[in-house]
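Read the structure below first, then the notes.
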Amino acid sequence: MNRPAVYTGLLLCWLLALEQSTGQVPAHLRVNAERLARAQALERQAMRQHNPAGLAEAYYQYGRTYIFAGDYKTSQGYFLRAQRLLEPPGPSADLSRIYVRLSENESRLGRQADALRYARLALSIAQRIHQPRALVLAYGVVGRVNEAIWEQHLPGYTIHYDSVETYYQRKMPIFRAMRDTLGMAETWLELGTLFTKVRDRRAVPYLTEALRLTRLIHRDRLVPNVMLHLATAYLTAGQPQRAFDLLRAARARYIADRFDDYDTILGLETEFVRYYQATGQWKQAFSHQQAAHQLERTEMLSDREAAIARLHIEYETQKREAEIRAKNSQLMLQTRNWQTQRKLTGLTLALLVLATGVGGGFFWLARKNKRISRRNEELVKEQNHRVKNNMQVVASLLLMQANRLTDQPAKQAVEESRLRVQAMAMLHQRLYDGDQLARVDMPDFIRQLTVGVLSAYGYEQVQPTICVDPITLAAEQATPVGLILNEVLTNACKHAFPHTNQPTLQLDCHQQNHRVHIRISDNGPGLDGPGLDGPGLDGPGLESHGKAADESVVSAFSATNGLPRRSLGRQLIESLTEQLHGTCRFWSEQGSVFALEFPID
């Protein structure tokens, strides 16, 4: 065949193919909707749960989805985001897997130096964590990157064919130990592809075994790719017809199953070109060459569109990461608040327990003190009762003694002493009968004392007018007040009532400005009445009223019987008034009037 004619024919075919292709719009490989939906679902779930590991898995699935669509740059962006999320926790199988995918993408994009760096990082992590699945992935990617560098003869690298085969061979015993048929099929595929490039006769048997295992486990998506590599081996071995049959079967399988794998469809078009060139079918060769160029042009357009999409994705990703950081900060704040609340709750419980214990202790002490107080109250009442009984005994003895006496002054003196004892007994009775311990209710006490004195002198028919405020006095004040009242009432019965046909008695007791005012008056002859003599009351604590004390004021205690000026009753009133820190006085006003004033405790 004439070579110029051949070249002329090829040129005409190429021009015809070019003319046919100028009116066509490049068709992008569509993104697999199912894979994309799965990645989106993972992303939403991870964002909802604030789970960085889950978000890294979602980014990984995004990257895998765009690899199958041939958009390696977008895929690489997602893998890099997953890397940023997985690196902080430290070495892991997921981080090694991300480095594997980053290395593969860098190799596809022609950046073999970066691809080798990522591959070595993946292998280093896999060897550190001793995870079999991570090891086989790392051995595979290191072998593939070394294979690409060896095949391209890149300067600065000394990589031999044997070292590439060694990395692939290291995978096989691990897969056998794991009984991973798919892993063994992929290893046979990698070794067969490597042997094809060096025209090693082992290529066809290895690839045939890879195809058998792939069909055995029904990995339909891998079958077209394995058939493609086996067809390449047959073409290299000089068996084009077998290669053609495999290529047609692979394309039919690809179309029937509606696969979207950029590498596989581009590889099919490229091998069809090789087959038609090998068999001299130039028109078909250029037709498939046109399809291959269309795919490559599609990839370039996809890269341009992907650049715009990447900006949007970068913005959305940064926004999501900012949301995650904000939510993490909020979560940390909530955690700190929860811890603070736990501490406060614990402290509150501790204080509550302490307060309960202290309250229980105080309650016990209060009950104990109440029992002691009740016991003391009973003892004091018992003591007052016994004192009252003893005084009643003394009063009874004095009464018996008075009844035996024939001397009237002596009998009168004993009777007055009995009344004084009776007054104190009455006071002690009020102390143990009253509601307040060691305090005396003055209205009841004064009424009882008045009735007792009137009865003792036979004036039961006298109805005294008593007006007393509700006053209570301590026993220390009630005792001298009772004795003073007893003396004044006794004096009225002895010196006032005998000189009037209708005796009257007025007794008032009021409290004003923390002072007690007592006033007793009768309708007797008064201080100037018949039979009364003496110079008047001028002792301590007694004040004169009316005429001069040294002329006409006569003591109520100076009767016709010629008692000395300072009788026992007078001395007693003076002494008791001084004890009360008060003042008292007598004067005549339609009878005798006595007034006592003292401060209340």
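Over all pairs of distinct alpha carbons, what does the Kirkwood formula give as the hydrodynamic radius of the range 119-159, in Å? Mind showing how you got there, number by number?
Numbers: mean 1/r = 0.0932 Å⁻¹.
After inverting the pairwise mean of 1/r, the radius is 10.7 Å.
Pop out the carbon and sulfur fraction of the accessible area of the range 96-241 as a percent, whole number, probe 1.4 Å. Mind showing how you got there, number by number?
Numbers: 3500 of 6870 Å².
Reported share for carbon and sulfur atoms: 51 percent.
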Note the full-extension length gain between A237 and E382 as 0.36 nm times their separation in residues minus their Cα-Cα distance, in nm to one decimal. 39.0 nm
Between Q448 and F363, what is the spin-label point distance in nm, taking each point 7 Å from the Cα along the Cα→C-beta axis? 3.9 nm
Ratio of the Cα radius of gyration of the range 58-208 to 2.2 N^0.38 Å, where N counts its residues: 1.04
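Looking at this model, which pairs from K197/K283; K319/K343; K73/K197 are more than 30 angstrom apart at the alpha-carbon?
K319/K343
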Apply the a/c threshold of 1.5 to the C-alpha gyration tensor of the range 31-141 and tell me whether it is rounded, prolate or oblate. oblate
Please list, in order along the range 400-413, the HN-Hα scalar couplings obtained from phi with the Karplus expression 6.51 cos²θ - 1.76 cosθ + 1.60 (θ = phi - 60°), rounded to whole Hz, x for Gly and Pro. 5, 5, 5, 5, 8, 7, 10, 6, 5, x, 5, 4, 5, 5
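What FRET efficiency do you get for R176 and T340 if R0 is 41 Å and r is their Cβ-Cβ distance, rounded to the nearest 0.05? Walk me through the intermediate numbers first.
Values: r = 57 Å, r/R0 = 1.39.
Using R0 = 41 Å, I get an efficiency of 0.10.
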Over the Cα atoms of the range 204-301, Rg to Rh with Kirkwood Rh, two decimal places? 0.98
Which value, in nm² and rounded to one decimal, describes the direction-averaged projected area of the C-alpha convex hull of the range 215-259? 2.9 nm²
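Quick one: Kirkwood hydrodynamic radius for the range 430-524, alpha-carbon pairs, angstrom, one decimal?
Values: mean 1/r = 0.0718 Å⁻¹.
Over the range 430-524, the inverse of the mean reciprocal pair distance is 13.9 Å.
The values are calculated or read from the model by the stated rules, or taken from the named source; none is laboratory data. Just so it is clear, the model here is predicted, and its values are computed rather than measured. Note that we place each Cβ from the backbone using ideal geometry, even for glycine, and neighbour counts take in every protein chain shown. To get the accessible areas, we keep the full protein, side chains included, count just its heavy atoms, and leave off ligands, DNA and RNA. Shrake-Rupley method; radii C 1.70, N 1.55, O 1.52, S 1.80 Å.
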